[in-house]
Amino acid sequence: MIFVKYVRTFQGKHVQKKPDSEIILQRKEEIIISRLNLQSIKTLKVREVYSKIKDTFSFDMLEQLCNDCEWYSMGDCRKGFENLKKGGVYEKI
């Protein structure tokens, strides 16, 4: 699984995954893997995945896929994606 479990404080509020988040995130992950055509690949360097995401995904696709996620409103995903589109790495947000 790509996504990680964690709890965080955002704008003074304690934010935590919803009970069904793992199922929802697994479905989103399956969509991402399918759109990147990675179903049959077992091992891939992270820079190759970043390159595929950068070349394949748009900001509209990110919004459509992630707008209902409890973490999306924090802005980290969008900041990471913006940095990736500029040629950086996702982790640097």
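Nothing in this text is a laboratory measurement; each read-out follows from the coordinates by a stated rule. Since the model is a prediction, treat every value here as computed from it, not as a measurement. Please note: Cβ atoms are built from the backbone with ideal geometry, for glycine as well, and neighbour counts cover all protein chains shown.
Points worth noting:
- Compactness index (Cα Rg / 2.2 N^0.38 Å), region 45-93: 1.09
- Panel order for Lys79, Lys42, Lys28, by other beta carbons found within 10 Å of each beta carbon, from fewest to most: Lys42, Lys79, Lys28.
- Thr56 paired with Ile24, simple spin-label distance in nm, labels 7 Å along Cα-to-beta-carbon: 2.3
- Computed from phi, the 3J(HN,Hα) profile of region 74-81 under the Karplus parametrisation 6.51, -1.76, 1.60 (θ = phi - 60°) reads 6, x, 4, 5, 5, 4, x, 5 Hz, with x in place of Gly and Pro.
- Exposure proxy order (Cβ contacts within 10 Å, fewest to most) of Cys66, Cys77: Cys66, Cys77
- Total lysine pairs under 21 Å (Cα atoms) in region 22-93, excluding pairs fewer than 8 apart on one chain: 21
- For region 25-73, alpha-carbon Rg relative to the globular expectation (2.2 N^0.38 Å, N residues): 1.18
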